[in-house]
1. Conditions: (1) in contact with a strand residue (DSSP E or B) (Cβ under 9 Å, 6 or more places away or on another chain); (2) of a type outside the set (A, V, I, L, M); (3) surrounded by 13 or more Cβ atoms within 10 Å (Cβ to Cβ); (4) in a loop (DSSP other than H, G, I, E, B). Residue 145 meets all but one. Number of the miss?
2. Would you be able to tell me the number of residues in the stretch 222-260 that are surrounded by 22 or more Cβ atoms within 10 Å (Cβ to Cβ) and closer than 27 Å to residue 11 by Cβ?
3. Within the stretch 121-142, which residues are within 15 Å of residue 62 (Cα to Cα) and either surrounded by fewer than 15 Cβ atoms within 10 Å (Cβ to Cβ) or not small (Gly, Ala, Ser) (or both)?
4. Against the definition (surrounded by 20 or more Cβ atoms within 10 Å (Cβ to Cβ), β-branched (Val, Ile, Thr) and either in a helix (DSSP H, G or I) or at pLDDT below 95 (or both)), how does residue 169 come out, yes or no?
5. In the set 238, 250, 222, which member is within 25 Å of residue 321 (Cβ to Cβ) and of a type in the set (Ser, Thr, Tyr)?
6. Please name all residue pairs, on different chains or six or more residues apart, with Cβ atoms under 9 Å, provided the first residue is in the stretch 388-399 and is assigned by TED's automatic domain parsing to the domain that holds residue 45 and the second residue is exposed (fewer than 11 other Cβ atoms within 10 Å of the Cβ) and assigned to a loop (DSSP other than H, G, I, E, B).
7. Filter the stretch 25-48 down to the residues that are under 14 Å from residue 164 (Cα atoms) and in contact (Cβ under 8 Å) with a residue 24 or more places away in the chain and list them by number.
8. Out of 369, 385, which single residue is in contact with a Lys or Arg (Cβ under 9 Å, 6 or more places away or on another chain), touching a residue at least 60 places away in the same chain (Cβ under 8 Å) and surrounded by 13 or more Cβ atoms within 10 Å (Cβ to Cβ)?
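The values are calculated or read from the model by the stated rules, or taken from the named source; none is laboratory data. Everything quoted here is computed from the prediction, not taken from an experiment. So basically every Cβ, Gly included, is an ideal-geometry build from the backbone, and we count neighbours across all protein chains shown.
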Amino acid sequence: MKNHKNRLPLETFDIPIQKIRRGYYSAVYFWREKQILEKLNHSKQILMQVFQKNKAVICGTDEAIAILKLGSGYYRKPEKAYKLFDRYVKNERIIRELQALRNYKKLKQSLEEKIQLEIELDNLWENKSAELEINSLYDGEPINPHETVMTIEGLPQYFAHLESIYLGILARRTLVATNVSRVVEAAQGKPILFFGDRFDHYFNQTGDGYAAMSSGVYGVATNIMGEWWGNKKGIGTTPHALIACFNGDTTEATLAFARQYPDVPCISLVDFHNDCVKTSLEVANRFKSEGLELWGVRLDTSGTMVDDSLIRNKQLGIERPTGVNPILVNNVRSALDRHGYDKVKIVVSGGFNQEKIALFEKRQVPVDAYGVGSSLLKGNYDFTADIVLVDNQPMAKIGRQYNPNSKLTKVN
């Protein structure tokens, strides 16, 4: 779990500051709200209250706070700023084109122009985050339905355009953190490996990895997933693709990995030929003959396949035989133990979620670690923000009254 006493610094996040300030990522009606209030020189202080409706584990507060700190304020000369911003966006498109063409001479010129536009836009921006009071929970804290997780107090025109953004951050990060916390609990102390890289846009990997680690995963799939967590590196060994490159020879593919990365615990993926028992023993025997250590085997049998060991042993009809199931894991464990490979661990993946892990643990299936992917990105934890006080007087939509939370901590 995250150290609740420290927040991630602003520079942790790759925030497109100019686009955030201009409302490029904001619902149009929030931007128009900001413009109306600016035009009227609105002077009433409001308190914005943020909550969601489920039992969850909160995450994304540090990132949301960074958005508020960098994006709250206004342009001193709006029309001039808007024209500069249009140039800025056009320049970014040119930069992307030049990067694709690898035209470094022109790219350098465009990058210099971008920096100059950034400076001019910054000079027109009046940052008002210091005039806001933000109170928030910390990432990794459990929350109850309708519990207030953050309040923002100040003039609404300073931060009205940011509502879409900080709510979206909280929704995504809390989704992952909550799902991960549940599978971690279900696994009863066994390591959970977060394999969420291939199930969503790669831009989500950084924050998803952080949210997963906030809730206790043992490891993540990519390096960028660990960037916000002190540059913790991704873990992983042999994919099916590597085995295919060795003409389907799992043993040779695993040996190639072990020789290339001798300091990395070697886990062999043993379902390529749909016979996890046979393949596990082949790899273990070869490693023993080579004097190498096989840390573990990973079972990733498709949910539409029945492993050959179940067919050989006439174990069909007892329970659902497809995919990675308790009988298959027991078959692999028994075979390894009988041949003296009791120290070789078993990792399972493919279709695992909270319910399936809980079932495996209830039945004491001999699994040493779980790899979990797409199930950790499913569901929704939508956040809502409401103005509940205006000049310290109640002013909320019916049913959304002020709900103070003594657990909130004031943000510097």
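1. (3)
2. Total meeting the criteria: 2.
3. Once the filter is applied, which keeps residues that are within 15 Å of residue 62 (Cα to Cα) and either surrounded by fewer than 15 Cβ atoms within 10 Å (Cβ to Cβ) or not small (Gly, Ala, Ser) (or both), the stretch 121-142 yields 133, 134, 135, 137, 138, 139, 141.
4. So residue 169 passes the test.
5. It is 250.
6. Final answer for the pair search is 388/397.
7. Scanning the stretch 25-48 gives 25, 26, 27, 30, 31, 33, 34, 48.
8. Checking each option against the conditions leaves just 369.
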